[in-house]
Amino acid sequence: MSKLNGKKVLIIGGGFAGCSTAKKLAKHGFEVTLFDKRNHHVFQPLLYQVATAMLSPAQIAYPIRSMFRHLKNVRVLIGNITRINKDKKCVQPKRSNQEFYYDYLILAAGARHSYFGNPEWEKYAWGLKTTRDALKIRERMLYSFEKAERTRFEEKRKKFSTFVIVGAGPTGVEMAGAIAEVTKRSIADDFTQFDSKTSRIVLVEGSDRVLNRYPTELSDKAKKDLEQMGVEVKLNAIVSNVTKEGVHIGDDFIETENVIWAAGNTASPLIKSVTEHVNRMGQAEVNPDFSTKEDPSIFCIGDCAFLEDAKGTLVPAVAQGAIQAGAFVAKQIIGDLQNKPRGSFTYYDKGSMATIGRSRAIAKVGGLKFSGFIAWVLWGVVHILFLVDFRNKILVFFDWVTSYFTHKRAVRLINTHRADTDKEN
Ligand SMILES: Cc1cc2nc3c(=O)[nH]c(=O)nc-3n(C[C@H](O)[C@H](O)[C@H](O)COP(=O)(O)OP(=O)(O)OC[C@H]3O[C@@H](n4cnc5c(N)ncnc54)[C@H](O)[C@@H]3O)c2cc1C
């Protein structure tokens, strides 16, 4: 362990941003306390594969404590931080009167789904942020197939085998593509009464193209791919209501009990307790060094922050944005001890990519654009490399190769739904 320098740093959130800050500070003698609601770090880019029965949660999650086992000045604690006292410089977890003091506070608590002012939709339109969300979506999807097999009514069979994904960003596109693969290939021979190939998968997007942060030609390619895979893409379509029975899009109504929400995010509510400068997505509008406008010892990073960098580029809410912000903030805090002036963050765009399905993806790296098989292989390599644990890299690689040749999805377990309580059939 490096010699302690007497400064306490408290980090809220063990995601990409929080872990990146903690690693760097620990090596410079800071006493770091890292709080997370959960005991594990989640590799969110592969959550959709858990939700669609390709991977199990343990393959994309890793205990935060184990990540820091060699850094004894990082104390990892489970706790949902609900109170921050800026005057006393301390935080408190939910249902606890214990206070944890800091010299520096880093808010890296990520984001949740937002339903554009309609929180009641959440009951039916489930979002995907945690392994728990992914398991819920997986079980509901698998159980819907079971109901489609069992029902006596064709109308109900249609309802049970209809999926609506709201939002055609990377998560929505990945989910739609993966569900299409499940229904058209993976389970196609598994039922007797229900022809899973007739399932309807609808991807609803409010803007005029899918993956609208990508160049138009890549968006168009992705849309074409999705349609070839059997996904119905509805553009310029705004969801006006979501109920137990289905989704309303203007005058159109789609009957379904499988709605997946990938349309909007709102940053952690904790942000409002450290700054008044908050944008409409709940992110903190921070200084160029990620500190809050009110207090140079409090930083908001990752999905919690809204910042245009030194070159005028909006720092994107993606893993690289979070990792780079974490390392940058650690550097500023280390610099404070040496009386160095704070710097301004510049985002380094390493490229972006989204997968659509087997052998189909799009990627933009520098000025180069890729699609199809090459982009898909690139996507796979990058995602394997960024998984935290070596064992998981091997397991995920093995599962992908097996599934590539067999089209099968191994993790089709239903654990919580009880068929005997279901009256719908
Ligand atoms: C389904 C999905 C797919 C994605 N795909 C990609 C992709 O392909 N490529 C890409 O670059 N990015 C992708 N992203 C975005 C990327 O994952 C996020 O930008 C990134 O995780 C943000 O990192 P973060 O550290 O800010 O937040 P997170 O990684 O969300 O971490 C926040 C942490 O804070 C904890 N926390 C929250 N509130 C509290 C509290 N009150 N007390 C204690 N702990 C708390 C949470 O438990 C969590 O562990 C995807 C995101 C999702 C949801």
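Things worth noting here:
- For region 279-425, average projected area of the Cα convex hull in nm²: 15.0
- Ellipticity estimate at 222 nm from DSSP helix runs (n ≥ 4, -39,500 (n - 2.57)) divided over the chain, nearest 500: -9000 deg cm²/dmol
- For region 310-397, the C-alpha radius of gyration sits at 1.40 times the compact-globule guess of 2.2 N^0.38 Å, with N the residue count.
- When the Gaussian network model of the chain links Cα atoms closer than 10 Å, the mean-square fluctuations of Leu128, Leu226, Leu77 top out at Leu77.
- The fewest-to-most ranking of Lys364, Lys123 by surrounding Cβ atoms within 10 Å reads Lys123, Lys364.
- Ratio of Rg to Rh over region 56-202 (Cα coordinates, Kirkwood Rh, two decimals): 1.12
- Under 5 Å between amide hydrogens, built in the peptide plane, is the criterion, and for Ser96 it picks out nothing among residues at least 5 positions away or on other chains.
- Remark: region 194-201, residue by residue, has Karplus-estimated 3J(HN,Hα) of 9, 8, 5, 5, 7, 4, 10, 10 Hz, where x stands for each Gly or Pro and the curve is 6.51 cos²θ - 1.76 cosθ + 1.60 at θ = phi - 60°.
- Coil-residue trypsin sites (Lys or Arg not before Pro) of region 218-322, DSSP, other Cβ within 10 Å capped at 16: Lys244, Arg280, Lys293, Lys311
- With 23 Å as the limit, the listed pairs Lys27/Lys86; Lys293/Lys331; Lys3/Lys331; Lys136/Lys224; Lys94/Lys244 have Lys27/Lys86; Lys136/Lys224; Lys94/Lys244 beyond it between alpha carbons.
- Neighbour counting of Cβ atoms within 10 Å sorts the residues Cys19, Cys304, fewest neighbours leading, into Cys19, Cys304.
- For a paramagnetic label modelled on Phe253 (point 7 Å from Cα along Cα→Cβ), amide N atoms under 20 Å away belong, within region 199-213, to 200-204.
- Treating each Cα of the chain as one equal point scatterer and applying the Debye formula with no solvent, the log10 of I(q)/I(0) at q = 0.10, 0.13 Å⁻¹ comes out as -0.73, -1.17.
- Thr313, Thr151 arranged by Cβ crowding within 10 Å, fewest neighbours leading: Thr313, Thr151
- Exposed GluC sites (Glu not before Pro) absent: longest stretch of the chain, with sites in DSSP loops and at most 15 other Cβ within 10 Å deemed exposed: 100-244
- For region 276-345 and region 70-85, distance of Cα centres in Å: 20
- Region 145-192-region 94-131 distance, computed between alpha-carbon centres (Å): 30
Read the figures in this text as sums done on the coordinates, not as results from a lab. The shown structure was predicted, so the numbers you read here are calculated from the model rather than taken from an experiment. In this analysis, Cβ positions are derived from the backbone assuming ideal geometry, glycine residues included, and neighbour counts consider all displayed protein chains.
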